[in-house]
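Q: Have a look at the structure that comes next, please.
Bear in mind that the values in this text are calculations on the coordinates, not laboratory data. For clarity, every value in this text was computed on a predicted model and none was experimentally measured. Methodologically, a virtual Cβ is constructed for each residue, glycine included, from the backbone with ideal geometry; neighbour enumeration extends over all protein chains shown.
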Amino acid sequence: MKQATKRFLSLIVSFILFTSALVVYFNFIVPANEEGQQIKSRYISRQNFIESQKSAISQVQKLVQSYEGQGQVQDVISSIVPPSIDAAGAFAQISGITEINKLLIQGITVSIPVEQSVSPTSTAVNPLVKPLGSFDFQIRMVGTYENFKSFLGNLETNIRIFDIKRIDIQAAAKPNQDVYSFDITATTYYQVK
């Protein structure tokens, strides 16, 4: 065989092998690769689904655990903003705080409770939100300025919410004595049924 014929035959054999490699690649390798990619994507999507379900389950478990002590939370909230007017309880708290701080109460006036308006949209969005009512205590007391500061600090950290609306301070004794007359207006709140 001649050299040219050998080259031509090797060129034809190379072309046939290259063509058969392309046929094998496109008929067998590419579909197998696509199938492998589909299997891998299904595996990843199932893993993501499992992880999201585990996350949802853990969130529900945390929520259930947080509501297990709901009775205690409700009691604390009822102490902060009582479910009824409870003017006697508020008076007892103010009276106790004045006594602790060595202030002498000269008079207390309780105003008529006022119901705060709540927009219908806020109760429609969150039906658990109850409207608040409020009433005022006007308290006249006598004592030292340091005791009054302590009284305000104790009123601020009291479990029931009190807002101081007005404070009037006047000297109750001689100018060189530390005795003052304090007139304050404090507002407290309650839940309206």
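Q: Under a GNM of the chain (C-alpha, springs under 10 Å), which listed residue has the highest mean-square fluctuation: Leu22, Leu152, Leu63?
A: Ranking Leu22, Leu152, Leu63 by mean-square fluctuation puts Leu22 first.
Q: Output ³J(HN,Hα) for region 151-164: one whole-Hz value per residue in order, computed from phi by the Karplus curve 6.51 cos²θ - 1.76 cosθ + 1.60 with θ = phi - 60°, and x for Gly and Pro.
A: After applying 6.51 cos²θ - 1.76 cosθ + 1.60, I find 4, 5, x, 5, 5, 5, 9, 5, 5, 7, 7, 10, 10, 7 Hz.
Q: How far apart, in nm, are two points set 7 Å out from the Cα along the Cα-to-Cβ line at Lys165 and at Phe26?
A: Simple spin-label model gives 8.8 nm for this pair.
Q: Out of all Cα-Cα pairs in region 1-68, roughly what percent, to the nearest whole number, are more than 19 Å apart?
A: Working: 1532 of 2278 pairs.
Roughly 67 percent, rounded to a whole number.
Q: Across every pair of different alpha-carbon atoms, what Kirkwood hydrodynamic radius in Å does region 80-191 reach?
A: Taking every pair of different Cα atoms in region 80-191, averaging 1/r and inverting gives 15.2 Å.
Q: Would you calculate the separation in nanometres between label points at Ala172 and Gln61, each defined as 7 Å from the Cα along the Cα-to-beta-carbon direction?
A: 6.0 nm
Q: Hey, another quick one. Per DSSP H run of n ≥ 4, the term is -39500 (n - 2.57); total these for the chain, divide by its residue number, and report the mean residue ellipticity at 222 nm rounded to 500 deg cm²/dmol. Write out the running numbers ahead of the final one.
A: Values: 6 runs with 104 residues, N = 193.
For the chain, the value works out to -18000 deg cm²/dmol.
Q: Further, regarding this structure: For the chain, please report how many Lys pairs fall under 18 Å Cα to Cα, leaving out neighbours fewer than 8 apart on the same chain. Spell out each step's value before the answer.
A: Working: Lys54/Lys62; Lys102/Lys149; Lys130/Lys193; Lys149/Lys165.
Counting lysine pairs in the chain gives 4.
Q: Taking amide H positions as placed 1.01 Å from N in the peptide plane, with prolines and chain starts having none, which residues 5 or more places from Ile161, or on another chain, fall under 5 Å of its amide H?
A: Tyr189
Q: Moving on. What spacing in nm lies between the two simple spin-label points modelled at Leu17 and Asp86, each 7 Å away from Cα in the Cβ direction?
A: Simple spin-label model gives 9.4 nm for this pair.
Q: Here is a further query. How large is ³J(HN,Hα) for each residue in region 32-45, as worked out from phi by the Karplus curve 6.51 cos²θ - 1.76 cosθ + 1.60 (θ = phi - 60°), to whole Hz, x for Gly and Pro?
A: Taking θ as phi minus 60°, the curve returns 5, 5, 5, 5, x, 5, 5, 4, 5, 5, 5, 4, 5, 5 Hz for region 32-45.
Q: Here is a follow-up. Go through region 94-105 residue by residue and turn each phi into a ³J(HN,Hα) via Karplus (6.51, -1.76, 1.60, θ = phi - 60°); whole Hz please, and just put x for glycine and proline.
A: 5, 4, x, 5, 5, 5, 4, 8, 6, 9, 9, 7
Q: By how many nm would the segment from Tyr145 to Gln191 grow when fully extended, if each residue of separation counts as 0.36 nm and the alpha-carbon distance is taken off? Don't skip to the end; give the middle numbers.
A: Values: separation 46, 0.36 × 46 = 16.56 nm, distance 3.39 nm.
This chain segment gains 13.2 nm when fully extended.
Q: If you filter region 47-110 for trypsin sites (Lys or Arg not before Pro), then keep DSSP loop positions with at most 15 other Cβ within 10 Å, what is left? It would help to have the intermediate numbers written out before the result.
A: Values: sites: Lys54, Lys62, Lys102; in loops: Lys102.
Passing sites in region 47-110 are Lys102.
Q: Follow-up. Working out 0.36 nm times the residue gap between Ile50 and Gln72, then minus their Cα-Cα distance, what length gain in nm do you get to one decimal?
A: On the way: separation 22, 0.36 × 22 = 7.92 nm, distance 3.50 nm.
Roughly 4.4 nm would be gained on extension.
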